[in-house]
1. I'd like the GluC sites (Glu not before Pro) in the range 171-265 restricted to DSSP loop residues with at most 11 other Cβ atoms within 10 Å, sorted by number.
2. If the cut-off is a Cα-Cα distance under 25 Å, which lysines reach Lys188, setting aside same-chain residues fewer than 8 apart in sequence?
3. Under 15 Å between alpha carbons, and skipping anything fewer than 8 positions from Lys14 in its own chain: which aspartates and glutamates qualify?
4. Taking only Cα atoms and a 10 Å spring cutoff, compute GNM fluctuations for the chain and point out the largest among Asp226, Asp132, Asp86.
5. Near Lys82, which aspartates and glutamates are there with a Cα under 12 Å away, not counting those fewer than 8 places off in the same chain?
6. Would you mind telling me the share, in percent, of accessible area of the chain contributed by carbon and sulfur at probe 1.4 angstrom?
7. How large is ³J(HN,Hα), in whole Hz, for each residue of the range 188-193 in order, when computed from phi with the Karplus curve 6.51 cos²θ - 1.76 cosθ + 1.60 and θ = phi - 60°, using x for Gly and Pro?
8. Can you list the residues, at least 5 places off or on another chain, whose amide H is less than 5 Å from the amide H of Ile35, using H built in the peptide plane?
Amino acid sequence: MITKTLFDVYEGKKVHLYTISNAEISVGILDFGGILNFIKIKTSGGEKNILLGYDCVQAYLQCGGYVGATVGRVANRIAGAKFCLDGKEYKLSPNENGNCLHGGVLGFDKRFYAAETKDDALALFLVSDDGDMGFPGTLKFKAEFILEGRTFTIKYSGVSDKTTLFSPTCHAYFNMNGGGDVMGNLLKINADSYTPADSFLIPLGKKASVGNTPLDFTSFKAIGADYAKLGGGTYDHNYCLKEEFAAAAVGEESGISMKIFTDFPGLQFYVGNPCAFKGKGGGSGFCLEPQYYPDAVNAEGFEAPLLPAGTEKMYSIRYQFSFT
């Protein structure tokens, strides 16, 4: 079942909340920013909302953390806000330390979308014009949100009239207990290696083993178990996935578990944000963002997120939940 309600009015336009629900799970999606507003799970101990979120558009924008948003055209960072394609240099929108982050100043996270519903699926549509944020080609973008039983799937597809870059993702912040500190949440990431990066989080163009480092989540451990060993930093790293099973997380208090599957090659694990948990007295969250490796278009040996002209590409992120 899908319902549509008025969420907010922003810049004189109505923003709607679409709620996809069944007997056990409900998911809320906004037609502004393609934002996941909540994932509510009906456990035997009561309903839990395992996503960070807000009650108005302005709060999302003021937070500045891309909370719940669909980000694009390209997730993560492109060094120097530029890249070369077919012998031509393209200059992008710099919005973090001279780099292009999550599509630029006005990325997909800050756009109004057209919406269509069918059965238990919502489709959001956006046209990104040639030269938008510096990217070549007019890109027709679609994000589909589908709830089937205890599985929630996001499908991204795009087609462009010029060869361009295309690598969107979902920037949801999870808290598997439905509030409070996430440092006790248990996490497993199906990756033996990651991409070391400089101080601006631009990869150095190589892979390194997670073994014997705080980045090793090859078996379940609490997010905070080795946090102090990061030396004052936080988790904000790209992992090199081994297969479609990307990661799993468990609420140590709620017992809610989640598995993530994707056909993207990488996964950004991020902890640490200034955002409050919706309806709670404060809380924290963590992100698991399927993606191409950051700055892959400028790094030899990394697969670039190329979208050839006239060719449609589709990527998916699938969340499977278990609970009692």
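The values are calculated or read from the model by the stated rules, or taken from the named source; none is laboratory data. Because the structure is predicted, anything quoted here is derived from the model rather than measured. Ideal geometry is used to build each Cβ from the backbone, glycine not excepted, and the neighbour counts take in all protein chains shown. Remember, those area values only see protein heavy atoms, side chains included, never the ligands or the DNA or RNA. Shrake-Rupley method; radii C 1.70, N 1.55, O 1.52, S 1.80 Å.
1. Values: sites: Glu243, Glu244, Glu252, Glu253; in loops: Glu243, Glu244, Glu252, Glu253.
Listed in order of number, the matching sites are Glu243.
2. Excluding near neighbours in sequence, the set is Lys40, Lys42, Lys48, Lys155, Lys206, Lys207, Lys221, Lys229, Lys242, Lys259.
3. Of all the aspartates and glutamates, those that pass the test against Lys14 - Cα under 15 Å, at least 8 places apart if same chain - are Asp31, Asp55.
4. Asp86
5. The qualifying aspartates and glutamates are Asp295.
6. Working: 6240 of 12830 Å².
Carbon with sulfur: 49 percent of the solvent-accessible area.
7. So the J values, rounded to whole Hz, are 10, 10, 7, 8, 8, 9.
8. Distant-sequence amide H within range of Ile35: Leu30, Thr70.
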